[in-house]
1. Which ones in region 18-45 are closer than 21 Å to Asn63 by Cα and among the small types (Gly, Ala, Ser)?
2. Residues being open to solvent by less than 50 Å² (accessible area, probe 1.4 Å) and over 14 Å from the mean Cα position of the chain (by Cα): count how many of those fall in region 182-198.
3. Anything in region 103-159 that is closer than 18 Å to Asp15 by Cβ, assigned to a strand (DSSP E or B) and open to solvent by 60 Å² or more (accessible area, probe 1.4 Å)? List them, or say none.
4. Go through region 438-484 residue by residue and tally those that are closer than 18 Å to Ser415 by Cα and part of a loop (DSSP other than H, G, I, E, B).
5. Looking at region 48-77, which of the residues that are open to solvent by less than 20 Å² (accessible area, probe 1.4 Å) and among the β-branched types (Val, Ile, Thr) is nearest to the chain's Cα centre (by Cα)?
6. Say we look at region 407-420 and pick out the residues that are open to solvent by 30 Å² or more (accessible area, probe 1.4 Å) and either touching a Lys or Arg at 6+ places or on another chain (Cβ under 9 Å) or touching a residue at least 40 places away in the same chain (Cβ under 8 Å) (or both); which of these is farthest from Leu481 (Cα to Cα)?
7. Go over the candidates Lys364, Lys380 one by one and state the one that is at pLDDT 85 or above, under 30 Å from Ser457 (Cα atoms) and out of contact with any strand residue (DSSP E or B) (no Cβ under 9 Å at 6 or more places or on another chain).
8. Is it the case that region 373-383 has a residue that's more than 30 Å from Thr442 (Cβ to Cβ), surrounded by 18 or more Cβ atoms within 10 Å (Cβ to Cβ) and out of contact with any His (no Cβ under 6 Å at 6 or more places or on another chain)?
Amino acid sequence: MSIQIIKGIQLPIFDVEMLNLGKLIAVPFKQYIPDRQAFWLYPGQQIPFGLEIEEYYKAEYINAAKKTLAKYSAEPTAMATWAYSEYHWHIHPSNKHLLPRIAQSTIWTLNALENIFDQFQVLKLLFLRVYRLSEPCIVNTPAQPSVYYWASLEDTITSSSEKDTAIVSDFSFTYRKKALMEGTVNPYFSLEKLQLQIEQLDEKSSETELFAQTIKQFLGWVNNAKHQSSEPDWIKEITLLGNRSMEEDGTTSYQAGTDFEKIVRKSLEFIGFKVDYSHAGGAGGIDLFCSEPYPLVGECKSGKKIPNDTAVQLLNLGTIRLNNKEEFSRSAKLIIGPGEPTDQLKKAAKVHGMAILNPATLEKLVKLHHNYPIDLFKLKDYLVDGRADDEVQRFVDQTRQSVKLRSQIIQLVKSFLESSYDDSADISQIHAIYIYSNQPQTLKREEMQEILIELSSPLTGFLGRKKAGDGTDRFYFLRDLLVD
C-alpha cells in the first residue's frame, strides 16, 4: 500500500545526506509538523536561519558539507528518501542546558544551536523516521527556497510504500532518541568521523565498503535487518579461479595460476593473516608467507594433479627463502590446489607436517569469517598433516554452531529490550531469559558473561556494553548476526 504524500520539506542538502546515511535522526526545523505526517526530503541548497556553512556545521564536517553541496548543485535533483515526523521536540529556556550536549552528539556547532534558540527563544528538533525509496524521485525543476517542496509536472515522483526500507531500525532509533533527549553525550564521536572520511572517498574498494558498513552497523546508523552487509563478489571466485587453474578455458596456464595465487593471498588476508608480499611466488620463491598471527608458508598448485615434488619444493624453498630453519619448522605449512594430490604427496605431507586444502574449503572459511570473525589459532589445530579438508570442514561446522548460539543470544537481548522498553540489560536478566527460552544448549552464567563480552567487543560490535552505577556490566543491542 502506498503512503500518501503531497509535499516535501526542504532541508540543507548535507543534513539530508546525513539522514540518508543514518548519521542523523533529528534536524532543526522551525515550522510545526504534526506527528506521523509523511513528506519527501528535499535536499536544499541553502543553509537555514541566516547562517553560513562555516557557522552551521562543526569544523570536521565543513569540507564534507561543501563537497556534498557541489556534488548536487546541478539539476536534476534526486530525492532518495521520504520520512514521517516521529516527534517535534521543543527545547525551551528550562532545558536550554542540553544544547552543548546536543551539539556534541550531532553535526552542528553549539554557536549555531544557540543562535537559532536566541532567534526564537526555542529550538525545535524534528525527529524523523526516514525510509529509502525503491527508486529515487527526480526533480527536474529546482524548487525555490522555502520551508516546503511541492512537486511540479516536470518532476518524476516515485510512489512511497510501507515496504520501503527504514534507514535506522526501530530499536536503534528509540535508543538514540532517548539518549539525545536526555543529553547523553555520544561516546563514538571519533568513530563517526572515521566513517564519514571513508564515505567521502572518491574510490572505495569492496573491503573499504565492507569496513564502512561495519562501522555504520556498530554505530546503529542502519536497519540491520535490511542492510546486513552483502557478501563481496570476489569470495565466489575462490573456487572458480581454483577450478580455472585446473581446466582449459582459453586462459593461459600461467595467468590462471597467477590469478589463483592472488585470490588465495587475498583470502588469507581477509580472514586475518598478515601476508608478506615480499614472498609472492615467481621463479625460486614460495607462493605464500604469512607472518601473523603465526607464521604460515604455502604453495598454490594448479592443474588436475598436485605433483609428488610439491612437498619437497615447499620444504626447500621455505627453508631457503625464510633464512631461518627454526621459523620454518614452527610455521604452519599449507598446500592448496584444486587437483588431487598423489599418494606419494599425501605421505610426504604427513611426514613434513603439511596440510593440503582444496580451494572450495578455503572459500568456506572466507564465507564463515564474513559473518563472524574466526579464531585463527583454533583453525591451526585443524590444519592437520596430509589431506585436511574434512578436519577444516569440522572446524567450519563447529564454528557455525557457535555463531548460531551467539545469534540467538543477540536476538534474545534485542527482543527483551524491545518488549521491556529498557535501554540495557544485565547478565542476570539475559541469563534468565536464555534459560527460560528452552535453548538446546545449556550455558552457565560465567559462560554467558564471556559470550556477552565477546559480542560487545570492538572487533565484533553486535552488542554494546556500559557500566551501571554499581559497576556491573549492562548490555544493549547494536546489530543482528545473520547465520547462513
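The values are calculated or read from the model by the stated rules, or taken from the named source; none is laboratory data. This one's a predicted model, so the numbers in the text were calculated from it and none came from an experiment. Note that each Cβ is placed from the backbone with ideal geometry, even for glycine, and that neighbours are counted across all protein chains shown. Just the protein is used for accessible areas: all its heavy atoms, side chains included, with ligands, DNA and RNA removed. Shrake-Rupley method; radii C 1.70, N 1.55, O 1.52, S 1.80 Å.
1. Result: Gly22, Gly44.
2. In the first step, residues of region 182-198 are kept if they are open to solvent by less than 50 Å² (accessible area, probe 1.4 Å); the result is 183, 186, 192, 195-196, 198.
Still in the running and over 14 Å from the mean Cα position of the chain (by Cα): 183, 186.
So the answer is 2.
3. Residue satisfying the conditions is Arg132 alone.
4. The first filter runs over region 438-484 and keeps only residues closer than 18 Å to Ser415 by Cα, leaving 438-439, 448, 451-452, 455-456, 461-465, 474-483.
Checking which are part of a loop (DSSP other than H, G, I, E, B) leaves us with 438-439, 456, 461-462, 478-483.
Of the residues in that region, 11 qualify.
5. The extreme case among them is Thr68.
6. Among residues in region 407-420 that are open to solvent by 30 Å² or more (accessible area, probe 1.4 Å) and either touching a Lys or Arg at 6+ places or on another chain (Cβ under 9 Å) or touching a residue at least 40 places away in the same chain (Cβ under 8 Å) (or both), the one farthest from Leu481 (Cα to Cα) is Glu418.
7. Values: Lys380 fails: out of contact with any strand residue (DSSP E or B) (no Cβ under 9 Å at 6 or more places or on another chain).
Criteria check complete, one pass: Lys364.
8. Taking region 373-383 first, the residues more than 30 Å from Thr442 (Cβ to Cβ) are 383.
Narrowing further to those that are surrounded by 18 or more Cβ atoms within 10 Å (Cβ to Cβ): 383.
From what is left, the residues that are out of contact with any His (no Cβ under 6 Å at 6 or more places or on another chain) are 383.
Taking every residue of region 373-383 in turn, at least one turns out to be more than 30 Å from Thr442 (Cβ to Cβ), surrounded by 18 or more Cβ atoms within 10 Å (Cβ to Cβ) and out of contact with any His (no Cβ under 6 Å at 6 or more places or on another chain).
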